[in-house]
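Just so it is clear, none of the values below were taken in a lab; they were calculated from the coordinates. Keep in mind it's a predicted model, so treat the numbers as computed, not measured. Quick reminder, even Gly has a Cβ in these numbers, built from the backbone with ideal geometry, and neighbours come from all protein chains shown.
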Amino acid sequence: MASLYTKTKLYIEDNSKTWDDTKVSLQNNSDGKGDFISSWTYDDLDKPSDYQLANYETAGNTFETNANIDATRIAQYGSWKSQMEMIYKDQKNGTSTFKDHCDKVRSDNPKG
């Protein structure tokens, strides 16, 4: 289930705006009712209804899944220094270690 943050962010971006912490706040009162929009002050954009936010569930799930995959890939690619070392050695030795490494990271962590 996509988070309220993600669905709200997608709604804002679909309406040609950017997330602004001074214009929107999310809150959870730990009362079992979950997260909700506690303040909304975009001048020319109405606060989304629950129905409108529900329409972002699928897109939100995809966004969050891909963000997790991206984070995993970043960790597995290694530092930019190690990547540069692989590239240098590949060019020097005529090998494809860097490309093979990137292909493996991508195949191990595919995006839907």
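Count, please, the residues in the stretch 1-24 that happen to be part of a loop (DSSP other than H, G, I, E, B), of a type in the set (Asp, Glu) and under 17 Å from the mean Cα position of the chain (by Cα).
Qualifying residue count, the stretch 1-24: 1.
Looking at the structure I just gave you, is ALA75 among the hydrophobic types (A, V, I, L, M, F, W, C) and in contact with a Leu (Cβ under 6 Å, 6 or more places away or on another chain)?
Taking the combined requirement at face value, the residue does not satisfy it.
Please list, ordered by first then second residue, the pairs with beta carbon atoms under 9 Å, 6 or more apart or interchain, first in the stretch 14-30 and closer than 15 Å to LEU53 by Cβ, second among the hydroxyl-bearing types (Ser, Thr, Tyr) and exposed (fewer than 10 other Cβ atoms within 10 Å of the Cβ).
none
Scan the stretch 87-110 and tell me whether some residue there is outside any helix (DSSP H, G or I), among the hydroxyl-bearing types (Ser, Thr, Tyr) and touching an Asp or Glu at 6+ places or on another chain (Cβ under 9 Å).
Taking every residue of the stretch 87-110 in turn, at least one turns out to be outside any helix (DSSP H, G or I), among the hydroxyl-bearing types (Ser, Thr, Tyr) and touching an Asp or Glu at 6+ places or on another chain (Cβ under 9 Å).
Looking only at the stretch 31-84, which residues are more than 26 Å from ASP14 (Cβ to Cβ), outside any loop (DSSP other than H, G, I, E, B) and either without any contact (Cβ under 8 Å) to a residue 24 or more places away in the chain or among the aliphatic types (A, V, I, L, M) (or both)?
Those that are more than 26 Å from ASP14 (Cβ to Cβ), outside any loop (DSSP other than H, G, I, E, B) and either without any contact (Cβ under 8 Å) to a residue 24 or more places away in the chain or among the aliphatic types (A, V, I, L, M) (or both): ILE74, ALA75, TRP80, LYS81, SER82, GLN83, MET84.
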